[in-house]
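For reference, the structure discussed in these notes is given below.
The values are calculated or read from the model by the stated rules, or taken from the named source; none is laboratory data. Note that this is a predicted model, so its numbers are computed, not measured. Neighbour counts are summed over all protein chains in view; Cβ atoms, including those assigned to glycine, are modelled from backbone coordinates with ideal geometry. In case anyone asks, the SASA skips ligands and DNA or RNA and just uses the protein heavy atoms, side chains included. Shrake-Rupley method; radii C 1.70, N 1.55, O 1.52, S 1.80 Å.
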Amino acid sequence: MTASKRAFITGITGQDGAYLAKLLVDKGYEVFGLLARRSTSTVWRLDYVGILDQITLIDGDLTDLSSLIRALKIAKPHEIYNLGAQSFVGSSWDQPILTGQVTAIGVTNVLEAIRLTDPSARFYQASTSEMFGLIQKEQQDEQTPFYPRSPYGVAKLYGHWATVNYRESFKLHASSGILFNHESPLRGIEFVTRKVTDAVARIKLGKQQQLALGNIDAKRDWGFAGDYVEAMWLMLQQEQPDDYVIATGITTTVRDMCRIAFEHVGLNYEDHVVIDPRYYRPAEVEVLLGNPAKAQAKLGWKATTTLDQLITMMVDADMKRVGAI
Ligand code: NAP
Ligand code: G4F
C-alpha cells in the first residue's frame with residue numbers, strides 16, 4: 001500500500017484511464033481525474049471496473065490551461081498521468097487541427113500547469129509506437145529514429161519531445177512511455193480489435209452478417225491494457241525519469257487476429273470479412289514490433305497476456321454485451 005499518495009489522470013474516462021485508476025485505487029492512492037464536458041455521460045468504463053464512487057472527477061479540458069491549473073490546485077497530486085488525447089489515428093486526418101490542439105499542445109498545457117503549481121510532481125506522458133510509423137528498424141526500441149505517418153503520430157511526437165525537453169530544461173521528473181497497441185474489453189469500438197470482437201459476437205448471435213475492414217495485412221504488436229498500465233506506474237516509481245518502450249515483442253497481422261477471434265466461436269473469418277477501401281488510410285503504418293528489453297531490465301516489467309488470451313477475453317465480453325442487448 002502507498003497510502004496518502006495522490007494521483008491525477010487526464011483521459012481517466014478512456015480505456016487506459018479506467019485500468020490505471022483501478023490499479024492506483026487498489027494501491028491505496030487518492031485518485032483524481034480530468035473530466036471533459038460532453039453532452040452524454042462518459043464514465044461507463046470507470047463503472048465497469050467498479051471504482052466510480054472511489055475517485056474524484058474534476059471538470060476541465062486539455063486545451064484549457066486554466067482548467068488544468070485549477071484541477072492541479074484541487075488535487076495536489078504527487079503523480080500526474082497524461083493519458084488524454086484524440087487517440088484514433090483514422091480520425092486524425094479528418095480533424096488534424098483538433099488532434100494537434102489536444103494531443104500535442106495539450107501536453108505542453110499539462111507540463112506548464114505542473115511548472116506553475118508544483119514542479120516536484122512526477123509526470124507520465126502517453127507516447128506511442130505510432131511515432132515509429134514508417135519503421136527505420138525491424139524491431140523498434142528507445143533508440144530507433146521516429147517517422148510518424150499520421151497527424152496523430154506527428155502530434156504525439158511533439159508531446160514526446162515536449163516531455164523530454166521539460167525534463168532537460170526544468171528538471172521535471174517527466175517520463176514517456178512509448179506504448180505499442182494495447183487492447184481490452186474496454187477498447188473503443190472504432191479500433192480494429194474491438195471492431196472485430198464486437199462483430200464476431202453479433203455474427204455469432206445472428207445480428208450481423210459481414211464485417212468490413214481495411215488493410216488486414218497490417219501488423220501490430222498487441223498487448224493487454226491491464227498489463228500496460230502497470231508499466232506506467234512503475235516508470236513514476238523510478239528515481240530518475242526516462243523513456244521506455246512497452247510491447248510484447250511479437251507482431252501479428254490483422255488477418256490472423258481476425259482468425260483467432262472468429263475461431264473462438266467456431267466461425268471462419270473468410271466467410272464474413274469483406275474488404276472496404278473506405279477503411280484504408282492515406283498513409284499506413286504497415287508493421288510495428290517493439291523491443292521491451294529496457295523495460296524488462298530496468299522496471300522488471302513484462303507483458304503477461306498472450307494475443308490469444310486477449311482476443312478470447314474480448315470476444316467473451318462482447319458475447320455477453322451483445323447477448324444482453
Ligand atoms: P482512449 O480510450 O481514446 O481515451 C482517450 C481519453 O482522452 C478519454 O478519456 C477522452 O475523454 C480524453 N480526451 C479526449 N480529448 C480530451 C480533451 N480535449 N480534454 C481532456 N480529455 C480528453 O485512449 P486509450 O486507448 O485509453 O489511450 C490512452 C492514451 O495512450 C492516449 O493518449 C493514447 O493516444 C495513448 N496510447 C494508446 C495506445 C493504445 O494502444 N491504446 C498506445 C499508445 C499510446 P472522453 O471520454 O470524454 O472522450
Ligand atoms: O486498431 P487501429 O485503429 O490502431 P492503430 O492505428 O494502430 O492505433 C492505435 O495504436 C497506437 C499505438 O501504435 C495508438 F497510439 C493509437 O492511439 C491507437 O490506440 O488500427 C490497427 C491497424 C491499422 O493498420 C489499420 O489500418 O488495423 C488496420 N485496420 C484494418 N481495417 C483497421 C481496419 N483499423 C481500424 N480502426 N478499422 C478497420 O476497419
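For the reader, a short list of remarks on this structure follows.
- Theoretical gain in end-to-end length, residue 169 to residue 205 [0.36 nm per residue, Cα-Cα removed]: 7.3 nm
- Segment 154-306, accessible surface, carbon-and-sulfur percent (1.4 angstrom probe): 50
- MRE, 222 nm, helices only [DSSP H, n ≥ 4, -39500 (n - 2.57), over the chain, to nearest 500]: -12000 deg cm²/dmol
- Separation of segment 131-161 and segment 230-280, taken as the distance between their Cα centroids, equals 17 angstrom.
- Euclidean distance between Cα centres, segment 296-317 to segment 183-217, Å: 19
- Protection proxy ranking of 29-37, 233-241, 290-298, by the mean of other Cβ atoms within 10 Å over each peptide's residues and highest first, is 29-37, 290-298, 233-241.
- Residue 325/residue 281 FRET efficiency (R0 45 Å; Cβ-Cβ; nearest 0.05): 0.90
- Put a dot 7 Å past the Cα of residue 240, heading toward its Cβ, do the same for residue 53, and the two dots end up 4.6 nm apart.
- Shape of segment 1-73, Cα gyration tensor, a/c cut at 1.5: oblate
- Calculated over the chain: convex hull of Cα atoms, volume per residue (Å³): 129
- Looking at the chain, the accessible area is 43 square angstrom per residue; that uses a 1.4 Å probe and ignores ligands, DNA and RNA.
- The fraction of Cα-Cα pairs per 5 angstrom bin, counted from 0 for segment 221-325, comes to 2, 10, 16, 17, 16, 15, 11, 7, 4, 1, 0 percent, rounded to whole percents.
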